[in-house]
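Right, one structure below, let's go through it.
The values are calculated or read from the model by the stated rules, or taken from the named source; none is laboratory data. Note that the coordinates shown come from a computational prediction; the quantities given were computed from them, not determined experimentally. Here the Cβ positions follow ideal geometry from the backbone for every residue, glycine too, while neighbour counts run over all protein chains shown. When the accessible area is computed, the model is the full protein with side chains, heavy atoms only, and any ligands, DNA or RNA have been set aside. Shrake-Rupley method; radii C 1.70, N 1.55, O 1.52, S 1.80 Å.
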Amino acid sequence: QVQLVESGGGLVQAGGSLRLSCAASGRTFSRYAMGWFRQTPGKEREFAAAITSTAGRTVYADSVKGRFAISRDNSNNTVYLQMNNLKPEDTAVYYCAAGKYPWVVRTDSDFEAWGQGTQVTVSS
């Protein structure tokens with residue numbers, strides 16, 4: 001069973017940057033897509049970004065496109081989310097997710113494991 005541990009969240013001013021990391025264990029990391037989701041209180045969890053198993057393709061939600069970048073290091077079983085030009089509306093708990101397939105997906109049901117989440121707070 002895959003385990004995911006996120007790190008890198010924190011408090012940042014609007015316009016600033018953060019990089020989230022997610023360390024994976026428990027299965028062959030390089031065979032599966034990975035993703036990042038986020039959730040704010042009272043709202044459903046929403047897709048942010050995903051990357052294929054070989055990092056050949058990435059997809060983003062429209063709300064983060066051009067500002068966030070997902071990447072992965074298969075030699076270290078880690079996926080990253082570089083977040084630039086952060087806005088107050090990016091404030092959320094960010095979750096790393098392990099995909100069921102090698103190809104990129106963006107719906108909850110296509111991911112089989114989730115990390116505990118890391119809080120990102122962007123002040124105006």
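Where nothing but the Cβ of Lys and Arg (+1) and of Asp and Glu (-1) is charged, how large is the charge dipole of the range 1-78 around its Cα centre, in debye to the nearest 20? Walk me through the numbers before you get to the answer.
Working: 10 positive and 5 negative charges, 24 e Å.
Result for the range 1-78 is approximately 120 debye, rounded to the nearest 20.
So for the chain, what percent of the C-alpha to C-alpha distances run longer than 26 Å? If you can, show how the numbers build up before the last one.
Values: 983 of 7626 pairs.
Tail of P(r) above 26 Å: 13 percent of Cα pairs.
Short-range pairs are left out: with C-alpha atoms under 8 Å and at least six residues apart, the relative contact order of the range 60-124 is 30 percent. In the full protein context, the chain carries 49 Å² of accessible surface per residue, based on a 1.4 Å probe and ignoring ligands, DNA and RNA.
FRET efficiency for the Q39 to W103 pair, using the beta carbon distance and R₀ = 25 Å, is estimated at 0.55.
Applying the Karplus relation 6.51 cos²θ - 1.76 cosθ + 1.60 with θ = phi - 60° to the range 64-71 yields 3J(HN,Hα) values of 10, 4, x, 10, 9, 9, 9, 8 Hz, where x marks Gly and Pro.
Backbone phi angles across the range 79-86, fed through the Karplus curve with coefficients 6.51, -1.76 and 1.60 (θ = phi - 60°), yield HN-Hα couplings of 10, 10, 9, 8, 10, 10, 6, 5 Hz in residue order; Gly and Pro are listed as x.
Distant-in-sequence amide contacts of G16, defined by a placed amide H-H separation under 5 Å and a gap of 5 or more residues or a different chain, comprise L86.
Rounded to 0.05, the FRET efficiency of the Q13 and E46 pair, given R0 = 30 Å and the Cβ-Cβ distance, is 0.85. For the chain, the residue among S30, A50, A92 whose Cα projects farthest onto the positive side of the dipole built from Cβ charges is S30.
Taking 0.36 nm per residue of sequence separation and subtracting the Cα-Cα distance, how much length would be gained by fully extending the chain between S75 and T54, in nm to one decimal?
Working: separation 21, 0.36 × 21 = 7.56 nm, distance 1.13 nm.
So the extension gain works out to 6.4 nm.
Computed over protein heavy atoms with a 1.4 Å probe, the carbon and sulfur contribution to the accessible area of the chain reaches 46%. Among rounded, prolate and oblate, which fits the range 16-77 when a ≥ b ≥ c are the square roots of the eigenvalues of its C-alpha gyration tensor, a/c under 1.5 means rounded, and a/b larger than b/c means prolate? It is prolate, given that a/c is not under 1.5 and a/b is the larger ratio. Distances between placed amide hydrogens fall under 5 Å for G117 paired with E6, C96, all partners being 5 or more residues away or on another chain.
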